[in-house]
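Following: one structure in structure tokens, then a few remarks.
The values are calculated or read from the model by the stated rules, or taken from the named source; none is laboratory data. All values derive from a computational prediction rather than experimental measurement. Cβ placement follows ideal geometry from the backbone for every residue including glycine, while neighbour counts extend to all protein chains displayed.
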Amino acid sequence: MKPAAPGEEVSQRLSVEGADPLLLAGINDANLAELERAPGARVLLRGDTLTVSGSPEQVERAAAVAQALLDIARIGEAVTEEEVRRYLDGGFCRCGAYTKIVKAVLSVAHG
């Protein structure tokens, strides 16, 4: 992401290839709505691309959370609205989603 001028909006695109978009988005897009709500970024899921737009700070925070959730969705685990909230609140604890992230990392590392 290139540096933005004050007040300028930026966008970051993340590939959702290999992730089930229904697991990522949640029921009635609840996960995407929660991902937009907390940092104030706009989130758009189209095809194999998740686009996050907003101020550089909003995009940085939302994109980091989106990437963690993508890792979970790629191993076929459902992403819950509660997990989205926990990530956005900075609660990267070793409970709940932590084991799913470990499984995602291990599955990528071990092919």
(request) Could you please let me know if LEU22 is exposed (fewer than 13 other Cβ atoms within 10 Å of the Cβ), at pLDDT 85 or above and out of contact with any Phe, Trp or Tyr (no Cβ under 8 Å at 6 or more places or on another chain)? (result) yes
(message) With the requirement that a residue be farther than 19 Å from ARG74 by Cβ and assigned to a helix (DSSP H, G or I), what does region 35-59 give you?
(response) GLU36, ARG37, PRO56, GLU57, GLN58, VAL59
(message) Criterion first (modelled with pLDDT under 90, among the small types (Gly, Ala, Ser) and crowded, with 19+ Cβ neighbours inside 10 Å) does GLY7 satisfy it?
(response) no
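Look through region 67-91, keep the residues that are of a type in the set (Val, Ile, Thr) and not in a helix (DSSP H, G or I), and return whichever of them is modelled with the highest pLDDT. Walk me through it before giving the result.
Start the filter on region 67-91 by keeping residues that are of a type in the set (Val, Ile, Thr), which leaves 72, 75, 79-80, 84.
With not in a helix (DSSP H, G or I) added as a condition, the list becomes 75, 79-80.
On the way: ILE75: 83, VAL79: 71, THR80: 71.
Only one residue tops the list, namely ILE75.
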(message) Pull out all pairs, ordered by first then second residue, where Cβ-Cβ is under 7 Å, the residues are six or more apart or on different chains, the first lies in region 11-37 and is at positive phi, and the second is assigned to a loop (DSSP other than H, G, I, E, B) and surrounded by 15 or more Cβ atoms within 10 Å (Cβ to Cβ).
(response) GLY26/VAL79
